[in-house]
1. Got at least one residue in the range 138-152 being without any contact (Cβ under 8 Å) to a residue 60 or more places away in the chain and open to solvent by 50 Å² or more (accessible area, probe 1.4 Å)?
2. Which one is nearest to Val14 (Cα to Cα), of the residues in the range 48-57 that are out of contact with any Phe, Trp or Tyr (no Cβ under 8 Å at 6 or more places or on another chain) and buried (at least 17 other Cβ atoms within 10 Å of the Cβ)?
3. If we scan the range 70-88, do we find a residue that is at pLDDT 95 or above and exposed (fewer than 15 other Cβ atoms within 10 Å of the Cβ)?
4. Output the residues belonging to the range 96-111 that are touching a Gly at 6+ places or on another chain (Cβ under 9 Å) and open to solvent by less than 60 Å² (accessible area, probe 1.4 Å).
5. Could you grab me the full set of residues in the range 1-27 that are among the charged types (D, E, K, R) and closer than 15 Å to Gly39 by Cα?
Amino acid sequence: LAGPLDLPAGTYSVAITAPDATDTSAPVIGPVDLPLEAGGNYTAAAHLDAAGEPTATLFTNDTSPTAAGEGRLTVRHIAAAPAVDVLAGGTAVVSGLENPDESVLNLPASTVSAAIAAAGTTEPVLGPVDVTVAEGVNTIAYAWGSLDAGNLALATQTVEDLHSAPAGVPGGQS
């Protein structure tokens, strides 16, 4: 894990090597060009593609304001696995999510019990896991690892300060 990093706009060429590599001329991933725009908020994720090959994906984090009392849940599929459904309470709230796609949900602030199942099924391959959706926060949940290796896992990050201005302020009577 590296970052967060404050970088000027531009295109950055990134290569990832094994932690014990003495020769950096043969990276495991890349080099990959990452174009960053001024004022953007990004996450670069090194992960496995659906077939289990190492790759990297640049995601643009949604930093638009949330409604009062709401937070944002972004679900990203970066696992070596086929398409999945995201379940809340046993019901699909996101269907057919493929690697390396994402789905963004604006929800009332709460704790969501979420699970991941193969697309079209309800038997979890990951979870259920409690995920906190906080007001004014984009909680980003990554399903990563490998289905075949049996090591699917969840990682989360947050992007904060997405509060919107209140529509009104309760006042008293005199």
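The values are calculated or read from the model by the stated rules, or taken from the named source; none is laboratory data. Quick caveat: nothing in here was measured; it's all calculated off a predicted structure. Using ideal geometry, Cβ is built from the backbone for each residue, glycine included, and neighbour counts are taken over all protein chains shown. Heavy atoms of the whole protein, side chains included, go into the accessibility calculation; ligands, DNA and RNA do not. Shrake-Rupley method; radii C 1.70, N 1.55, O 1.52, S 1.80 Å.
1. Yes, the range 138-152 contains at least one residue that is without any contact (Cβ under 8 Å) to a residue 60 or more places away in the chain and open to solvent by 50 Å² or more (accessible area, probe 1.4 Å).
2. Across the range 48-57, the extreme among qualifying residues is Ala56.
3. Taking every residue of the range 70-88 in turn, at least one turns out to be at pLDDT 95 or above and exposed (fewer than 15 other Cβ atoms within 10 Å of the Cβ).
4. The answer is Gly96, Leu107, Ala109, Ser110.
5. Correct list: Asp6 only.
Rundown of residues vs (1) open to solvent by 90 Å² or more (accessible area, probe 1.4 Å); (2) assigned to a strand (DSSP E or B); (3) among the small types (Gly, Ala, Ser), yes/no style:
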{"residue": "Pro4", "(1), (2), (3)": "yes, no, no"}
{"residue": "Pro19", "(1), (2), (3)": "yes, no, no"}
{"residue": "Thr22", "(1), (2), (3)": "yes, no, no"}
{"residue": "Gly30", "(1), (2), (3)": "no, yes, yes"}
{"residue": "Pro35", "(1), (2), (3)": "no, yes, no"}
{"residue": "Gly40", "(1), (2), (3)": "no, no, yes"}
{"residue": "Ala46", "(1), (2), (3)": "no, yes, yes"}
{"residue": "Phe59", "(1), (2), (3)": "no, yes, no"}
{"residue": "Thr63", "(1), (2), (3)": "no, no, no"}
